[in-house]
1. What length, rounded to one decimal in nm, is gained on full extension from Glu38 through to Tyr51, with 0.36 nm per residue of separation minus their alpha-carbon distance?
2. Ignoring ligands and nucleic acids, what accessible area does Met87 show with a 1.4 Å probe (Å², nearest 10)?
3. Could you tell me how far the Cα centroid of region 15-40 sits from the Cα centroid of region 57-75, in Å?
4. From the backbone phi of region 47-59, what are the Karplus-calculated ³J(HN,Hα) couplings (6.51 cos²θ - 1.76 cosθ + 1.60, θ = phi - 60°) in whole Hz, Gly and Pro given as x?
5. List every residue whose amide H lies under 5 Å from the amide H of Leu47, counting only residues 5 or more places away in sequence or on a different chain, with H placed 1.01 Å from N in the peptide plane.
6. State the antiparallel share, in %, of DSSP beta bridges confined to the chain, rounding to the nearest 5.
7. Would you work out which of Gly68, Leu48, Leu107 lies farthest towards the positive end of the dipole of the chain, given +1 charges on the beta-carbon of Lys and Arg and -1 on that of Asp and Glu, about the Cα centre?
8. So what are the ³J(HN,Hα) numbers for region 64-76, from phi and the Karplus equation (6.51, -1.76, 1.60; θ = phi - 60°), rounded to whole Hz, Gly and Pro as x?
Amino acid sequence: MIVVDDDMSIRRALRRQLQILGFSVLDFRSAEEFLASELPTGDACMLLDVYMPGMTGIELCRNLRASGRHLPTILISGRDDEQTRQMMRKANPIASLLKPFDEKSLLRAIRKALPDQSSLPH
């Protein structure tokens, strides 16, 4: 699992929650930091904040698509307005979650992103 969010408390909470669920987690504070790293091999999906300083989550989605790299993406945002919902739809993520979201919603999104993960709790 990859978490990209500029909010350290969100990254920390998601890392903890995902590790409890049995995932190994890489987290990044920016899209630029993520792009400077090596993409993981094997099954992975990304929890990606829409609004970050510098490159936004939406721009990162476009960048990955343009470079031919595919990574199932779950967009997350603390903003619930028409502009944000429209941007999220256009980015065509596997799922979108509005902060704060519960574990059940997170697991539903992860199951869509990683359908072969049969060990996920229900």
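The values are calculated or read from the model by the stated rules, or taken from the named source; none is laboratory data. Predicted, not measured: the structure shown is a model, and the values here were computed from it. Note that we place each Cβ from the backbone using ideal geometry, even for glycine, and neighbour counts take in every protein chain shown. Accessible surface is based on the protein model in full, side chains and every heavy atom, while ligands, DNA and RNA are left aside. Shrake-Rupley method; radii C 1.70, N 1.55, O 1.52, S 1.80 Å.
1. On the way: separation 13, 0.36 × 13 = 4.68 nm, distance 2.25 nm.
Full extension from Glu38 to Tyr51 adds 2.4 nm.
2. 50 Å²
3. The distance from the Cα centre of region 57-75 to that of region 15-40 comes to 15 Å.
4. 9, 10, 5, 6, 9, 9, x, x, 6, 7, x, 5, 5
5. Result for Leu47 returns Ile2, Val3, Val4, Ile74.
6. Numbers: 0 of 14 bridges.
Around 0 percent antiparallel, to the nearest 5.
7. The residue sitting farthest along the positive end of the dipole is Leu107.
8. Those phi angles translate into 5, 4, 5, 8, x, 8, 10, 9, x, 10, 10, 7, 10 Hz.
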